[in-house]
Amino acid sequence: MDDEGWIAQALHEAEAAAKRGEVPVGAVLVGADGEFLSADGNRIVEKRDPTAHAEMLVIRNGARIMDNERLVGTTLYVTLEPCAMCVGAIALARIARLVFAAEDSKGGAVLHGPRFFEQPTCNHRPQVSRAGDANGAGDLLRKFFQARRGGAV
């Protein structure tokens, strides 16, 4: 499967998260050989865990599957530009590639905010690229928050 296909799967995870009442962000982790490792959506409310972001869940599961804390050669696909916590975990896990759909000017930490991977203290910098339907991913988030705030969808 190519980047577009993996991002589409991450978007499916985001849609499932929205149905559970979670912020609709989804992630997929793929091995160096292109084999599927893990997919999930946010589960912060369900798990009562502020760190249960989609990225963190698939990184944790990928480490269990690979039986290694270093996810060398893997690619992480995410529907939204990851936050500072998640990019820190991406660096620590030594993920080779990060591919995301929508930018997050408020909470993102790759292209926005701290621009984590550009900091001299960052110990690992994955290749970063964009793929997928950024508008679709962004619309899913906008609709989710409009509904929560009682606005028109």
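The values are calculated or read from the model by the stated rules, or taken from the named source; none is laboratory data. Keep in mind it's a predicted model, so treat the numbers as computed, not measured. For neighbour counting, all protein chains shown are included, and Cβ atoms are generated from backbone atoms with ideal geometry for every residue, glycine included. Areas reflect the complete protein model, heavy atoms only, side chains present, ligands, DNA and RNA absent. Shrake-Rupley method; radii C 1.70, N 1.55, O 1.52, S 1.80 Å.
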Exercise. With a Förster radius of 22 Å, plug the Cβ-Cβ distance of H112 and D2 into 1/(1 + (r/R0)^6) and report the FRET value to the nearest 0.05.
Key: 0.25
Practice problem: Let me have the relative contact order for region 37-106, percent, based on Cα pairs under 8 Å that are six or more residues apart. | Solution: 29 percent
Quiz item: Amide H of V72: which non-local residues (sequence gap of 5 or more, or other chain) have their own amide H closer than 5 Å, using H built in the peptide plane?
Solution: none
Quiz prompt | Label-point separation, L92 to T121 (7 Å along Cα→Cβ), nm | solution = 1.4 nm
Exercise. Working from the alpha-carbon coordinates of region 36-85, get Rg over Rh, Rh being the Kirkwood radius.
Key: 0.96
Quiz item: Short version: ³J(HN,Hα) in whole Hz for each residue of region 78-91, in order, from phi by Karplus 6.51 cos²θ - 1.76 cosθ + 1.60 (θ = phi - 60°), x for Gly and Pro, what are they?
Solution: 9, 6, 9, 3, x, 7, 4, 4, 5, 5, x, 5, 4, 5
Quiz prompt | Centroid-to-centroid separation of region 5-22 and region 96-128 [C-alpha atoms, Å] | solution = 21 Å
Quiz item: Between D133 and K47, what FRET efficiency follows from the Cβ-Cβ distance if R0 is 22 Å, with the result rounded to 0.05?
Solution: 0.20
Exercise. Just check region 1-115 against the gyration tensor rule for me: Cα atoms, a ≥ b ≥ c as the square roots of the eigenvalues, rounded for a/c under 1.5, and otherwise prolate or oblate depending on whether a/b exceeds b/c.
Key: rounded
Quiz item: Percent relative contact order of region 87-135, based on C-alpha pairs within less than 8 angstrom and at least six residues apart?
Solution: 49 percent
Quiz item: So, with a 1.4 angstrom probe, what is the percent of accessible area on the chain that is carbon and sulfur?
Solution: 51 percent
Quiz item: Excluding ligands, DNA and RNA, what is the solvent-accessible area per residue of region 9-153 at a probe of 1.4 Å, expressed in Å²?
Solution: 49 Å²
Practice problem: Using only the Cα atoms of region 7-53, build the gyration tensor, take square roots of its eigenvalues as a ≥ b ≥ c, and label the shape rounded, prolate or oblate: rounded if a/c is under 1.5, else prolate if a/b is larger than b/c, else oblate. | Solution: oblate
Self-check item: Fraction of alpha-carbon pairs over 16 Å apart in region 50-147 - percent
Solution: 55 percent
